[in-house]
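Asks: Have a look at this one before I ask anything.
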Amino acid sequence: MENSNANSKSIILNYGLLLGILSIVLGVIMYVTNAYLNPSWIFGTIGFILIVAAIVLGIKAYKAQNNNYLSLKEAFKLGLGIALIGALVSVVWQLILMNILEPDYMSQMAEVQRTQMTENFPNMSESQINDAMEMNAKFSSPWIIAAFAIIGNLFFGFIIALIAGLIMKNKNPQDV
């Protein structure tokens, strides 16, 4: 039985929006510093820290509102909800970037990928590179990129919620 003192929907919304807004701030920083096409590992690390912090803090806030009780099921619900809201907000930024701010984003990205391929695999023939670029193009529409971003966020949300839930769970003795 879920305790009525804790409102998971408001926590999911608040922490999900916080995650999304912080992800947008990170994306704007990447855009302003011209790191959006070929970001440094540091941006990925910061993004991962943001999702971990938002989910863990959201679960912790729920547990505090719920008389210090938390089930693994509640942790999953919170973690996946926060990750989903954060991803949806972040995807809005990505779509604005790809379609409005940088309408030629996909061609710029393809050129970066081609350059990386020729540097990393100098023995690849031009035909092999073209074949690889054709395959990349099939998975490079803004909507497919958005779908992979949402799926990736949900995957990490699941893992983070599992770990945080296992660490923080505290079963209510009144629940059967």
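Computed from the coordinates by the stated procedures, all read-outs in this text should not be read as laboratory data. What you are looking at is a predicted structure, and each value in this text was computed from that prediction instead of being measured. FYI the Cβ positions are ideal-geometry reconstructions off the backbone, even for glycines, and counts take in every protein chain you see.
Asks: Give me, ordered by chain and number, the residues 5 or more places off Leu70 or on other chains with an amide H under 5 Å from its own placed amide H.
Replies: Correct list: Asn170, Lys171, Asn172.
Asks: Under a GNM of the chain (C-alpha, springs under 10 Å), which listed residue has the highest mean-square fluctuation: Asn153, Asn34, Asn66?
Replies: Among Asn153, Asn34, Asn66, the largest mean-square fluctuation in the Gaussian network model of the chain belongs to Asn34.
Asks: Starting from the eigenvalues of the Cα gyration tensor, five times each then square-rooted, give me the equivalent ellipsoid semi-axes of the stretch 125-176, largest first, whole Å.
Replies: Equivalent ellipsoid semi-axes, largest first: 44, 12, 6 Å.
Asks: Then there's this: Once the Cβ-Cβ distance between Met135 and Ile21 is put in as r, and R0 is 22 Å, what FRET efficiency do you end up with, to the nearest 0.05?
Replies: The formula returns an efficiency of 0.05 here.
Asks: Continuing with the same structure: Quickly estimate the mean residue ellipticity at 222 nm for the chain, helices only: each DSSP H run with n ≥ 4 gives -39500 (n - 2.57), and the total goes over all residues, rounded to 500.
Replies: -26000 deg cm²/dmol
Asks: Test of understanding: in a Gaussian network model of the chain with alpha carbons linked when under 10 Å, which of Gln65, Gln128, Gln94 would top the mean-square fluctuation ranking?
Replies: Gln128
Asks: Which whole-number percent is the relative contact order of the stretch 1-107 (Cα, under 8 Å, 6+ apart)?
Replies: 44
Asks: Gain in length, Ile29 to Asn67, computed as 0.36 nm per residue apart minus the alpha-carbon separation, to one decimal in nm?
Replies: 9.8 nm
Asks: Grab the Cα-Cα distance for Ser40 and Lys171, subtract it from 0.36 nm times how many residues apart they are, and report the gain in nm with one decimal.
Replies: Gain in length upon complete extension: 43.0 nm.
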